[in-house]
Amino acid sequence: MGNDSVSPDAEYELFCGQAQQLLAGKAKPVGSLGLLETMACRLAGLQRSLQPQVQRARLIVFAADHGITKAMPGVSAFPREVSVSVFKTIARGQAASSVMCAADGCELELIDVGIDLEEGVKAVVDNASPASKCGRDAHNISVVYDSKVRNGSRNMLAGGAL
């Protein structure tokens, strides 16, 4: 801000508050982005800017299905079978997370830790066309890992899910 009479803490709080007001004015429920909003406000405060910059970003998605839905179908908004489709959509660069990463140059790592996926991770990625892998070019989807703990998760009420 350039004003020597403003303490660094006050300047930080000022930018945090302004960033919070900007986010609250967006077309979304207040606070709906959770920790991401908190981090954005902190970053604005630390950089003393309402347009903070991140030089290198990476989204890491750990994927598993909802094994508990076998015993309690209403506990999740979607059945566990949807997890395979969501995983494939992310891997092919067609999910919102993939498209947002591609648009902003953010790397994306997708890690299968417990999806009930018969054909395997490699087949999902190999079957995706290069143009669809990230929305712009094939460089944003860094890696799709098969780090499966087990093929599909279990009911967490009956023991360990993974």
Would you kindly derive the ³J(HN,Hα) couplings of segment 12-28 from the backbone phi angles with the Karplus curve 6.51 cos²θ - 1.76 cosθ + 1.60 (θ = phi - 60°), listing them in order in whole Hz, with x for Gly and Pro?
4, 4, 4, 5, 4, x, 5, 5, 5, 5, 4, 5, 5, x, 7, 7, 6
Quick one: in segment 21-64, what % of C-alpha pairs are over 15 Å apart?
54 percent
Each label sits 7 Å from Cα toward the beta-carbon; between Lys28 and Leu50 the label points are separated, in nm, by 1.8 nm
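Each reported figure results from applying straightforward, stated rules to the coordinates on display, with no laboratory input. Quick caveat: nothing in here was measured; it's all calculated off a predicted structure. So basically every Cβ, Gly included, is an ideal-geometry build from the backbone, and we count neighbours across all protein chains shown.
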